[in-house]
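*Asks:* Next up is a structure, given as structure tokens.
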Amino acid sequence: MTSRFNLQNSIILVIVGWLSIFVLVPNVMIIGTSFLTRHESDLIEFTFTLDNYIRLADPLYAKVLLHSFYMAIVATVICLLIGYPFAYVVATMPERWRPIMLFLVIVPFWTNSLIRTYGLKIVLGTQGILNKTLLYLDVIDKPMRIMYTESAVMIGLVYILLPFMILPLYSSIEKLDNTYIEAAKDLGANKVQTFTKVILPLTMPGIIGGCLLVLLPALGMFYISDLLGGAKNLLIGNVIKSQVLNARDWPFGAATSIALTLAMAVMLFAYYRAGKWLNRKGELE
């Protein structure tokens, strides 16, 4: 009994130590740096200031932040529109086919997302696979310019993040009790009413979870914007990267990172409140 207790304490100590060193300490350092001043030679100067957060209200950075949320929200909606029907079809397949389909969804995770983004450049380029195929089929007369546009960034975000939408949706739909659907049909509900009144509310936790798993990473995927979008389609992650690596303004880069973290925290809190509301609504019904 004592050895088991000691083993549990050791495991807990290792986990707490790991999180403290690699999560808590770096975040505390970023928070502290965000209130310091930029120095030309030493990167930071230990002079307290709020100017880094005040600069975030500058129209230039506010525009990038709003554009980031716009791109992330649109990418989330597209992933939901594609992922929900796909997850529903997979969840209602015969059980012997489900592992194969889920395996195909997970396979892209075996390759680094940066490499897959480079692969998209081969597909979307002016002389890429997509344009050559469309020209061969006489769908278009001349190559389309897709690379270095907002559409290319959107395609990249959806391509990379779609599995994060499908998996929680599949988990939620797969657990759906078919007796509710049968009861709705017995009560005279058509397919649309069954979906909107029964299936959609019951799978809402999966929808919210999938949306968060897509929305939050989409705000900071600067490499997709760099490789596919060019300088005119920046995300907030690009601002953080440029401030830290190019401008060497670590305090402002840290402040921008903290602002993004707070925005994510607000969305996670909204997810928590929405989950509690849905559970309470389900208990009342």
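*Asks:* So which helices (runs of 4 or more DSSP H) are wholly in the range 34-123 and hold at least 1 residues that are under 30 Å from Ala259 (Cβ atoms)? Reasoning before the result, please.
*Replies:* Details: elements: 51-54, 59-91, 98-106.
Hits in the range 34-123: 51-54, 59-91.
*Asks:* Within the range 127-137, can one find any residue that is in contact with a Ser or Thr (Cβ under 6 Å, 6 or more places away or on another chain), surrounded by fewer than 19 Cβ atoms within 10 Å (Cβ to Cβ) and farther than 25 Å from Ile73 by Cβ? Give the derivation first.
*Replies:* Initially, the range 127-137 is screened for residues in contact with a Ser or Thr (Cβ under 6 Å, 6 or more places away or on another chain), giving none.
No: the range 127-137 contains no residue that is in contact with a Ser or Thr (Cβ under 6 Å, 6 or more places away or on another chain), surrounded by fewer than 19 Cβ atoms within 10 Å (Cβ to Cβ) and farther than 25 Å from Ile73 by Cβ.
*Asks:* Looking at the range 118-146 only, could you name the residues that are among the hydroxyl-bearing types (Ser, Thr, Tyr) and either within 22 Å of Phe222 (Cα to Cα) or modelled with pLDDT under 85 (or both)?
*Replies:* Of the range 118-146, the ones among the hydroxyl-bearing types (Ser, Thr, Tyr) are 118, 126, 133, 136.
Within the range 118-146, just Tyr118 meets the criteria.
*Asks:* Tally time: how many residues in the range 209-248 are on the phi > 0 side of the Ramachandran plot and not in a helix (DSSP H, G or I)? Give the steps one after another, and end with the answer.
*Replies:* Filtering the range 209-248 for residues on the phi > 0 side of the Ramachandran plot gives 230, 248.
From what is left, the residues that are not in a helix (DSSP H, G or I) are 248.
Selection size over the range 209-248: 1.
*Asks:* Return the residue satisfying two criteria in turn: it lies in the range 28-61 and is small (Gly, Ala, Ser) and out of contact with any helix residue (DSSP H, G or I) (no Cβ under 7 Å at 6 or more places or on another chain), and of such residues it is farthest from Pro251 (Cα to Cα).
*Replies:* Our first condition is that a residue be small (Gly, Ala, Ser); within the range 28-61, this holds for 32, 34, 41, 57.
After this cut, where a residue has to be out of contact with any helix residue (DSSP H, G or I) (no Cβ under 7 Å at 6 or more places or on another chain) as well, the list is 32, 41, 57.
Details: Gly32: 9, Ser41: 14, Ala57: 15 Å.
Looking at the filtered set, the residue picked out is Ala57.
*Asks:* Okay, moving on. Being in contact (Cβ under 8 Å) with a residue 40 or more places away in the chain and small (Gly, Ala, Ser) narrows it down to one residue among Ala152, Ala189; which is it?
*Replies:* Details: Ala189 fails: in contact (Cβ under 8 Å) with a residue 40 or more places away in the chain.
Going through Ala152, Ala189 in turn, just one is in contact (Cβ under 8 Å) with a residue 40 or more places away in the chain and small (Gly, Ala, Ser): Ala152.
*Asks:* Determine whether Met101 is modelled with pLDDT of 90 or more, at negative phi and over 21 Å from the mean Cα position of the chain (by Cα). Can you show your working first?
*Replies:* Details: modelled with pLDDT of 90 or more: yes; at negative phi: yes; over 21 Å from the mean Cα position of the chain (by Cα): yes.
Considered against the rule, which asks whether it is modelled with pLDDT of 90 or more, at negative phi and over 21 Å from the mean Cα position of the chain (by Cα), Met101 comes out as yes.
*Asks:* Of the numbered conditions (1) modelled with pLDDT of 85 or more; (2) crowded, with 21+ Cβ neighbours inside 10 Å, Ala259 fails exactly one; give the number of that condition.
*Replies:* Ala259 satisfies every listed condition except (2).
*Asks:* OK, next. Of everything in the range 159-193 that's among the β-branched types (Val, Ile, Thr) and either outside any helix (DSSP H, G or I) or surrounded by 11 or more Cβ atoms within 10 Å (Cβ to Cβ) (or both), which residue is modelled with the lowest pLDDT? Even if it seems obvious, please write down each step before you answer.
*Replies:* Pass one, the range 159-193, residues among the β-branched types (Val, Ile, Thr): 160, 166, 173, 179, 181, 192.
Then drop every residue that is not either outside any helix (DSSP H, G or I) or surrounded by 11 or more Cβ atoms within 10 Å (Cβ to Cβ) (or both), which leaves 160, 166, 173, 181.
Values: Ile160: 93, Ile166: 94, Ile173: 90, Ile181: 82.
Filtering first and then ranking leaves Ile181.
*Asks:* Working only within the range 65-88, note down all residues that are free of Cβ contacts under 8 Å to residues at least 60 places away in the same chain and surrounded by 13 or more Cβ atoms within 10 Å (Cβ to Cβ).
*Replies:* Within the range 65-88, the first condition is being free of Cβ contacts under 8 Å to residues at least 60 places away in the same chain, and the residues that meet it are 66, 70, 77, 81, 85.
Listed by number, the list holds a single entry, Val77.
The values are calculated or read from the model by the stated rules, or taken from the named source; none is laboratory data. Everything quoted here is computed from the prediction, not taken from an experiment. With ideal geometry, Cβ positions are generated from the backbone for all residues, glycine too; neighbour counts draw on all protein chains shown.
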